[in-house]
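For reference, the structure is listed below as structure tokens.
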Amino acid sequence: MRNNMKYIYKPLTLFALFFAAFTTSNAQTTVSSIISSNQTWTASGSPYLVTANVLVQTGVKVTIEPGTQIKATGDRLRIIVDGELVAIGKKDSAIVSDSVSYEFTDKCAGYDTATGLGSQFQYVLFRGVGQGGNKTIDLKSTSMLVRNCRFLEGYYYIYSYASAGSLGDTTNLIIEKSIFQGTSNYPQGYMVYTSGNTQLNISDCIAEDIGGITISKWTTIRKSAFKNFGYSSGFRQSSGQKLILECNLFQNFRYTLLDLTYPGNGAVIEVRENTFDSSEVLLKLRGGSTFKPKSMVIENNNFLNFKVNSVQVSVGNNPGNADTLNLRKNYWGTTTKADIEAGIKDFKDDITIEGLVDFSGYLSSQVKTCTGGGTIGGADTSSANASVTTFTSRNISMYPNPANSSIQLNSDGAIITAIRILDLNGQVKSRESVLSASPSVRVDMLAGGIYIIEAEGDNFLSRSKLIIKH
């Protein structure tokens, strides 16, 4: 039935550039499994084919030049870096990495903020695998710079684990002027997932249609925009030591937008000139008997589409007592005091909650500009892979869905060259080459459940959800 069609996600003209080069170039280079001497990867040697897991040995540097293309030919293939990997493209000649995971171990030469040297990515377009916990960039107690990059179809777009230590700046993850793009009808995965002692700095970034983000104990985010996040906690900081949020837009989150849980001793929280818009819960403050960071400034923010219990306080084990939490000088989308009060769940609603929100001095109009210049959420991503960021639109239909024996694809005339079916752990369950605009695919060998189907052509690669019922 045509009314059961499921349309597949936005294909991208960047893949026209990539796959055209892949299919027409006479040059290609198979990457060796062990890289034991310095190498430079070039556009003329592209595409560089990763056919098995690769190790860059300690003391060895791989330099990737503008215009270079890297492609994994199998599933879950990694380039493991014990040495150094420097990938710096140009605004008009980006590096394109397709389905490759980059793992930087604690042995590698990480990015040095003082010298600007060490492992880094600039002007790189990453297409991830997008299922089953795959990590596009995996950092193990290693510092990294990511600047002017674009990420597509990932699960863990950037994953950072830093071993526990006494200082928050033992490992730096710096993300600047980059774009993270998920899929609008199936938001999933994490833009950034941090654990341990990572110091996270994000500025001038845009992230859309992602599952969520887990920020570190030491986090600074400025002049960025985050839209359409799908998991229960969009931004969650647990046992935080520093949180600086300035001049950001957070819009259309599914459940909780900002969740601050058990701030650590001496914690500093500064939340200024942000817009929090459209979420079941805009702000959640959780603690033990108190919520008392060393300092907390939450002011000149916009809480839009404010409703009952949009701000929630959850602290206390001594009923009848409450500490005052300062949320003065914010705009609540209304100037009616009773409406603001109704949107805040605190001591006034439940005497077992030991936190009383002070929202006096609330603003009468929305804050739109930032003290440091520019508009709230006005991220500057104009240089993020400018040569390969244009989106086109193609509807590929699939029916029936649910299916039990076979499915029919239709691309309205565009030739599909390959079809893959993956389970939700990212394992490829079926793969076949085709050459048709309307191929038929058998699915009777698949167990009942939910899968992801990929359709690839010379100028697109698209995904959608497939349901099998027997």
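Things worth noting here:
- Set 371, 352, 375: member being open to solvent by 40 Å² or more (accessible area, probe 1.4 Å) and closer than 15 Å to residue 323 by Cα: 352
- Every condition in (1) modelled with pLDDT under 95; (2) of a type outside the set (D, E, K, R); (3) outside any loop (DSSP other than H, G, I, E, B) holds for residue 121 except the one numbered (1).
- Filtered by the rule that a residue be under 22 Å from residue 462 (Cβ atoms) and crowded, with 24+ Cβ neighbours inside 10 Å, segment 131-148 gives a lone residue, 136.
- Among (1) in a strand (DSSP E or B); (2) farther than 18 Å from residue 396 by Cα; (3) touching a residue at least 24 places away in the same chain (Cβ under 8 Å), the one test that residue 455 misses: (2)
- Filter result for the condition that a residue is aliphatic (A, V, I, L, M), under 19 Å from residue 145 (Cα atoms), modelled with pLDDT under 95 and out of contact with any Phe, Trp or Tyr (no Cβ under 8 Å at 6 or more places or on another chain), over 72, 109, 114: 114
- Odd one out for residue 53, checked against (1) modelled with pLDDT under 95; (2) under 30 Å from residue 466 (Cα atoms); (3) of a type in the set (S, T, N, Q): (1)
- Check on residue 309, buried (at least 19 other Cβ atoms within 10 Å of the Cβ) and under 27 Å from residue 208 (Cα atoms): no
- Segment 208-296 holds strands (runs of 3 or more DSSP E) entirely within its bounds, and those carrying 1 or more residues that are closer than 20 Å to residue 162 by Cβ, in contact (Cβ under 8 Å) with a residue 40 or more places away in the chain and open to solvent by less than 50 Å² (accessible area, probe 1.4 Å) map to 218-222.
- Top-ranked residue in segment 243-257 [being modelled with pLDDT of 95 or more and not polar (S, T, N, Q); ranked as farthest from residue 368 (Cα to Cα)]: 243
- Residue among 339, 346 that is buried (at least 20 other Cβ atoms within 10 Å of the Cβ) and either out of contact with any strand residue (DSSP E or B) (no Cβ under 8 Å at 6 or more places or on another chain) or in contact (Cβ under 8 Å) with a residue 12 or more places away in the chain (or both): 346
- Within segment 412-440, tally of residues that are within 18 Å of residue 75 (Cβ to Cβ) and open to solvent by 60 Å² or more (accessible area, probe 1.4 Å): 7
- Among the residues of segment 44-80, those identified as aliphatic (A, V, I, L, M), crowded, with 18+ Cβ neighbours inside 10 Å and in a loop (DSSP other than H, G, I, E, B) are 60, 77.
- Scope segment 174-190; condition under 12 Å from residue 149 (Cβ atoms) and open to solvent by less than 10 Å² (accessible area, probe 1.4 Å); matching residues: 175, 178, 180
- Number of positions in segment 381-403 that are at pLDDT 75 or above and aromatic (Phe, Trp, Tyr): 1
- Matching residues, segment 412-447, being modelled with pLDDT of 85 or more and under 16 Å from residue 99 (Cβ atoms): 419, 421
- Residue satisfying all of: in segment 89-117; of a type in the set (Phe, Trp, Tyr) and in a strand (DSSP E or B); farthest from the chain's Cα centre (by Cα) among these: 104
- Residue 409 being surrounded by 17 or more Cβ atoms within 10 Å (Cβ to Cβ), of a type outside the set (Phe, Trp, Tyr) and either modelled with pLDDT of 85 or more or in contact with a helix residue (DSSP H, G or I) (Cβ under 8 Å, 6 or more places away or on another chain) (or both): yes
- Qualifying residue in segment 124-133 (condition: at pLDDT below 90 and of a type in the set (Val, Ile, Thr)): yes
- Restricting segment 441-452 to residues that are open to solvent by less than 70 Å² (accessible area, probe 1.4 Å) and not in a loop (DSSP other than H, G, I, E, B), the residue that is farthest from residue 410 (Cα to Cα): 449
The values are calculated or read from the model by the stated rules, or taken from the named source; none is laboratory data. Source: prediction; values computed, not measured. Note: ideal-geometry Cβ built from the backbone for every residue, glycine included; neighbour counts use all protein chains shown. In case anyone asks, the SASA skips ligands and DNA or RNA and just uses the protein heavy atoms, side chains included. Shrake-Rupley method; radii C 1.70, N 1.55, O 1.52, S 1.80 Å.
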